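Student: Okay, here's the structure, questions in a sec.
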Amino acid sequence: MYIDKLPEVFLSNKHTANHLHRAIKSGLVKKIGPKLYTKNLKDEPKDIVKKSLWFIVSEYFPDGLISDR
């Protein structure tokens with residue numbers, strides 16, 4: 001199944017839409033944020049986000065640059 005090839009946390013897009021709809025109905029993934037889904041069904045969403053924070057940031061802002069002084 002296509003969903004098996006995705007990482008634990010991923011954003012939906014036009015390529016995942018059909019597969020994602022079926023996976024949600026089957027209980028294989030859950031929504032944890034806007035366009036944000038996870039295959040991890042046992043952990044709390046806050047723990048999943050904390051563990052994958054920088055990956056999620058890179059998915060939402062693929063060309064983003066984070067810097068400081």
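The values are calculated or read from the model by the stated rules, or taken from the named source; none is laboratory data. Since we're looking at a predicted model, the values are computed, not measured. Here Cβ is always computed from backbone atoms with ideal geometry, including for glycine, and neighbour counts include all displayed protein chains. Quick note on the areas: whole protein, heavy atoms, side chains included, nothing else; ligands and nucleic acids left out. Shrake-Rupley method; radii C 1.70, N 1.55, O 1.52, S 1.80 Å.
Student: Any residue at all in segment 34-42 that is exposed (fewer than 15 other Cβ atoms within 10 Å of the Cβ) and either of a type in the set (A, V, I, L, M, F, W, C) or part of a strand (DSSP E or B) (or both)? Spell out how you get there, then give the answer.
Tutor: Residues of segment 34-42 exposed (fewer than 15 other Cβ atoms within 10 Å of the Cβ): 34-35, 41-42.
Add one more test, that the residue is either of a type in the set (A, V, I, L, M, F, W, C) or part of a strand (DSSP E or B) (or both), and what stays is 41.
Yes - at least one qualifying residue is present in segment 34-42.
Student: Quick test for you: out of Asp4, Asp68, pick the one residue that is part of a helix (DSSP H, G or I) and not hydrophobic (A, V, I, L, M, F, W, C). Spell out how you get there, then give the answer.
Tutor: Details: Asp68 fails: part of a helix (DSSP H, G or I).
Result: Asp4 is the single residue among Asp4, Asp68 that is part of a helix (DSSP H, G or I) and not hydrophobic (A, V, I, L, M, F, W, C).
Student: Out of Ile32, Ile24, report the one residue that is over 11 Å from the mean Cα position of the chain (by Cα) and hydrophobic (A, V, I, L, M, F, W, C).
Tutor: Working: Ile32 fails: over 11 Å from the mean Cα position of the chain (by Cα).
Selected residue: Ile24, the only one of Ile32, Ile24 that is over 11 Å from the mean Cα position of the chain (by Cα) and hydrophobic (A, V, I, L, M, F, W, C).
Student: Also: All but one of (1) surrounded by 13 or more Cβ atoms within 10 Å (Cβ to Cβ); (2) at pLDDT 95 or above hold for Ile3; state the number of the condition that does not hold.
Tutor: The one condition Ile3 does not meet is (2).
Student: While we're looking at this one, here's another question. Cβ contacts < 7 Å: first residue touching a residue at least 12 places away in the same chain (Cβ under 8 Å), restricted to segment 36-55; second residue among the basic types (Lys, Arg), any location; separation 6+ or different chain. Result?
Tutor: Tyr37/Lys30; Tyr37/Lys31; Thr38/Lys30; Leu41/Lys30
Student: Still on this structure, I have one more. Looking at (1) within 20 Å of Tyr60 (Cβ to Cβ); (2) assigned to a helix (DSSP H, G or I), which is the one condition that is false for His21?
Tutor: So His21 meets the others, but not (1).
Student: Please go through (1) β-branched (Val, Ile, Thr); (2) in a loop (DSSP other than H, G, I, E, B); (3) open to solvent by less than 80 Å² (accessible area, probe 1.4 Å) for Val57 and return the number of the only condition it doesn't satisfy.
Tutor: In the conditions (1) β-branched (Val, Ile, Thr); (2) in a loop (DSSP other than H, G, I, E, B); (3) open to solvent by less than 80 Å² (accessible area, probe 1.4 Å), Val57 misses (2) alone.
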